[in-house]
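Each reported figure results from applying straightforward, stated rules to the coordinates on display, with no laboratory input. On a predicted model such as this, the values are computed, not experimentally measured, just so you know. Quick reminder, even Gly has a Cβ in these numbers, built from the backbone with ideal geometry, and neighbours come from all protein chains shown.
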Amino acid sequence: MRHVNGDHYFSPAPEVTARARTVEVTVGGLTLRLVASSGVFSAGRLDPGTAVLLRKAPLPTGAGRLLDLGSGYGAIACVLAAHAPGATVYAVDVNQRALDLVRENAANLGLRVVAATPDEVPQDVRFDEIWSNPPIRIGKPELHALLGRWLPRLAPGGTAWLVIARHLGADSLHRWLVDHGWTVERHASQKGYRVLRVTASS
């Protein structure tokens, strides 16, 4: 999640004028109405990859620490917090407008979500689950650096759930993860997306 010139969704401070929109997210019998905005990833609708991830990966229901990596306006973070109210959910993004929206959405829904930039997450925090629709378009080196930074922060026995479009390199990322010592299972495929379950190799 590097600094990128221009109004990309992964820019820390989008220059495009904020225009609020409402996105409705229905997962596991719950419907959440979330505020999104221009200058934030997939502001007009729930991104199809995110929808596949939330539909196919098993939603947590217990306690622990959960991470929505590259959170945008917080669709994944809010779903996780709604289904696992005993958990501490972190929403991490470099986009300050996105983080403000996460805070607004969590407050509107009465959910407990910690919205933070990557450097604001304490180094000693470990996560029982990491959920991400990672920003593939930042390029392979940056994407690999991103995953190389956060996957090692899984707690013992923890799991990461990633969704990647097949045509954007899901299978090559699968191989890269295995080559770097992770155990990877293709948990599901739908609508051109792969949902990968990533755990530490024993």
Stretch gain in nm, segment Glu185-Thr26, where the contour uses 0.36 nm per residue and the Cα spacing is subtracted: 54.7 nm
Normalised contact order of the chain, rounded percent, pairs of Cα under 8 Å and 6 or more residues apart: 18 percent
Contour excess over end-to-end distance, with Cα ends at Ala155 and Thr117 and 0.36 nm allotted per residue: 11.7 nm
Percent of C-alpha pairs per 10 Å bin, the chain, short to long: 9, 38, 40, 12, 0
Extreme residue, positive dipole direction of the chain, given options Leu67, Pro135, His187 (C-beta unit charges): His187
Point-to-point label distance, Ala165-Lys56, nm (Cα→Cβ direction, 7 Å offset): 1.5 nm
Nearest-0.05 FRET efficiency for Ser172 and Ala107, computed from C-beta distance (R0 45 Å): 0.70
Potential extension, Thr199-Asp100 segment - 0.36 nm per residue separation minus Cα distance: 32.6 nm
Rounded to the nearest 20 debye, dipole of the range 20-200 from Cβ charges on Lys, Arg, Asp, Glu: 480 debye
Computed helical MRE - 222 nm, the chain, DSSP H runs ≥ 4 contributing -39500 (n - 2.57), nearest 500: -8000 deg cm²/dmol
For the range 125-181 and the range 101-115, distance of Cα centres in Å: 25 Å
